[in-house]
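Asker: A single structure is presented below for examination.
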Amino acid sequence: MIAIYPGSFDPITLGHLDIIQRGSRLFDRVIVAVLRNPNKIPLFTVQQRLEQIRLTTQHLSNVEVDGFDGLTVNYAQNKQAQVLLRGLRAISDFEVELQMAHTNKTISTQIETVFLATSNEYSFLSSSVVKEIARFGGSVDHLVPQQIALEIYKCYNHTSPIANPITTEPLPPLKSMPTEPET
Ligand code: PNS
């Protein structure tokens, strides 16, 4: 069975990689499909994202990486895929994802959407979170594949992250408040 894992992947995170790895154990082939989306201004070009995903999934022999335009369902049909694979992090994802799955079903009844619950450690993680942290000089080493982190830092003009907030000096203790005079 062939599964398409569609998305923006701007950039690929460890959460995406987790879904790809687990998907590759469930399906004969997984095609990671990067949407060419004219409505979004991305951090990385589609070409860069394809290269990043290829680099980080090269150890998975049944995973391919491709770009696509237009409707995901049409792309899936062209690839003779039966499944759209998506990760679910939280209830907030569920609403959007369910709507998308239902919409896709109205376009083609042949394609099923299969959700994988994101592993606990990545339940908060998104490409937007990664960009937000990197933009303000924080470390994203623990959030994206190693090779990608450096490329992200370059985009924000810093070659290595400034101190991670968790590792900075603890705040000094609060000064004790003056006590009210007793009446
Ligand atoms: O990584 P993302 O941005 O959450 O991925 C969203 C994506 C690319 C899967 C979705 O926007 C999509 O499938 N777009 C292609 C257009 C389409 O098929 N729309 C119908 C489903 S609502």
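The values are calculated or read from the model by the stated rules, or taken from the named source; none is laboratory data. Predicted model, so just to flag it, every value in this text is computed and none were measured. Every residue, glycine as well, gets a Cβ built from its backbone with ideal geometry; the counts of neighbours run over all protein chains shown. Accessible surface is based on the protein model in full, side chains and every heavy atom, while ligands, DNA and RNA are left aside. Shrake-Rupley method; radii C 1.70, N 1.55, O 1.52, S 1.80 Å.
Rundown of residues vs (1) open to solvent by less than 70 Å² (accessible area, probe 1.4 Å); (2) within 12 Å of the ligand (Cβ to nearest atom), yes/no style:
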{"position": "LEU43", "(1), (2)": "yes, no"}
{"position": "GLN47", "(1), (2)": "no, no"}
{"position": "HIS59", "(1), (2)": "no, no"}
{"position": "ASN62", "(1), (2)": "yes, no"}
{"position": "GLY70", "(1), (2)": "yes, yes"}
{"position": "ALA76", "(1), (2)": "yes, yes"}
{"position": "ALA81", "(1), (2)": "yes, no"}
{"position": "LEU85", "(1), (2)": "yes, yes"}
{"position": "ILE91", "(1), (2)": "no, no"}
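Yes/no matrix, rows are residues, columns are (1) over 14 Å from the mean Cα position of the chain (by Cα); (2) open to solvent by less than 60 Å² (accessible area, probe 1.4 Å); (3) among the charged types (D, E, K, R):
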position: LYS105; (1), (2), (3): yes, no, yes
position: THR109; (1), (2), (3): yes, no, no
position: VAL114; (1), (2), (3): yes, yes, no
position: ALA117; (1), (2), (3): no, no, no
position: VAL130; (1), (2), (3): no, yes, no
position: GLY138; (1), (2), (3): yes, yes, no
position: LEU143; (1), (2), (3): no, yes, no
position: GLN146; (1), (2), (3): yes, no, no
position: ALA149; (1), (2), (3): no, yes, no
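Asker: Next question, about the same structure. Between residues in segment 69-82 that are touching a residue at least 24 places away in the same chain (Cβ under 8 Å) and over 19 Å from ASP28 (Cα atoms) and residues that are open to solvent by 90 Å² or more (accessible area, probe 1.4 Å) and away from the ligand (no atom under 13 Å from the Cβ), which pairs lie under 8 Å by C-beta distance while being six or more apart or on different chains?
Answerer: none
Asker: Kindly provide the set of residues from segment 6-41 that are at pLDDT below 95 and more than 10 Å from the ligand (Cβ to nearest atom), ordered by number.
Answerer: Passing the criteria: PRO38, ILE41.
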